[in-house]
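For reference, the structure discussed in these notes is given below.
FYI, it's all coordinate maths here, none of it is from the lab. Owing to the predicted nature of the structure, the values given are computational and were not obtained by experimental measurement. Cβ placement follows ideal geometry from the backbone for every residue including glycine, while neighbour counts extend to all protein chains displayed.
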């Protein structure tokens, strides 16, 4: 009975997607945009069991699938083709970048021939913001340190716009990813000439873990979207990190001294945040105070959770070594005394914060700064 109800719900989602297959599609190129596509994801990385169940489903459907990986790796140094050092790091410190991994056998579906060739040739495609930040040029050699702490030298083969890379800082093939210790997959992409209800029923029947997210065609963006790492670095600065215990890190002293400040703010008391955090944070807290909602927040939980600046990696799930926004001092964790008053979330949103309560892996206590223009606009008015 439960399966029937859920399958019916999936069919309803499918029917309301406004799909029209009355006229045949002409497939002029073997590119993903010429196909119907389902993406599957879950909190953190896909379980191995989910991955195997997806493969089993796709084989039964005679469709196509590829898996996208992602993880953070370190940059130790950059040298030119003539071995001149362009970038180096402090002793025991590394810069950190987010890499996407993709299978060489399917990369042609997602990129043009030139980009695909670079990826297949075991080279790195980097985003334009990343290239600018680390002074990278084509043919430079980057010395990376993988999640497995193994070093790997890789050549920059191409520089692309960030939007064309899906706001990853770099892309490599899966074989390079494995050498860097990147075995996790964050997304399965399934495609066929026509996706119909059989695909959803087969996937739902086979995938035992039900907390996966299906995305089909145009999905409404989450209003609590967050900035990609490249833009976080652009707005709030970049820093080298030193490992402490696998979760906690030490941020580069010069960046920390320039950007992290202590200040007393309404409701929460004294805390440490990024210097650009004060105006939106104080604005939101003052408005909460003025609207009589201060009693809904728990100061005790705020202090217990680490407050604002907390230099660490994301540790709620397998996040591939991602650096928490708390390491930049642009997020706060604060629980309510019962459940969040909807107006509290609205106020934080209006001051440029995203709320973690609607994410794939909900984090109800988390508010993260993503938009400085909101506080500038409010302050000026």
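Side notes on the structure shown:
- Every helix of 4 or more DSSP H residues in the chain counts as -39500 (n - 2.57), and over all residues that averages to -8500 deg cm²/dmol at 222 nm.
- Of all DSSP bridge pairs formed entirely within the chain, close to 90 percent run antiparallel.
- In a fully extended conformation the segment linking residue 360 and residue 343 would gain 3.9 nm over its present Cα-Cα distance, using 0.36 nm per residue.
- Beyond 21 Å, the tail of the calculated P(r) for segment 229-380 holds 42 percent of the Cα pairs.
- Shape category assigned to segment 73-136 from the gyration tensor of Cα positions, a/c cut at 1.5: prolate
- Between residue 210 and residue 153, the modelled labels are 5.4 nm apart [label points 7 Å from Cα along Cα→Cβ].
- Sorted ascending by nearby beta carbons within 10 Å, beginning with the fewest, 341, 274 become 341, 274.
- The listed peptides 49-59, 253-263, 117-127, ordered by packing as a protection proxy, come out as 117-127, 49-59, 253-263 (highest mean of other Cβ atoms within 10 Å first).
- From most to least packed by mean Cβ count within 10 Å, the peptides 31-37, 343-349, 70-76 give 70-76, 343-349, 31-37.
- Gyration tensor verdict on segment 122-276 (Cα atoms; rounded if a/c is under 1.5, prolate if a/b is larger than b/c, oblate otherwise): oblate
- Estimated at 0.36 nm per residue, the fully extended path between residue 296 and residue 198 surpasses their Cα-Cα distance by 30.6 nm.
- Burial ordering of 81, 129, 99, fewest other beta-carbon atoms within 10 Å first: 81, 129, 99
- Kirkwood hydrodynamic radius of the chain, Cα pairs, Å: 22.8
- Sorting 130, 89 by the number of Cβ atoms found within 10 Å of their own Cβ, with the fewest placed first, yields 89, 130.
- Based on the reciprocal of the average 1/r between different C-alpha atoms, the Kirkwood radius for segment 69-177 equals 13.8 Å.
- Rounded if a/c under 1.5, otherwise prolate or oblate - segment 132-198, Cα gyration tensor axes: oblate
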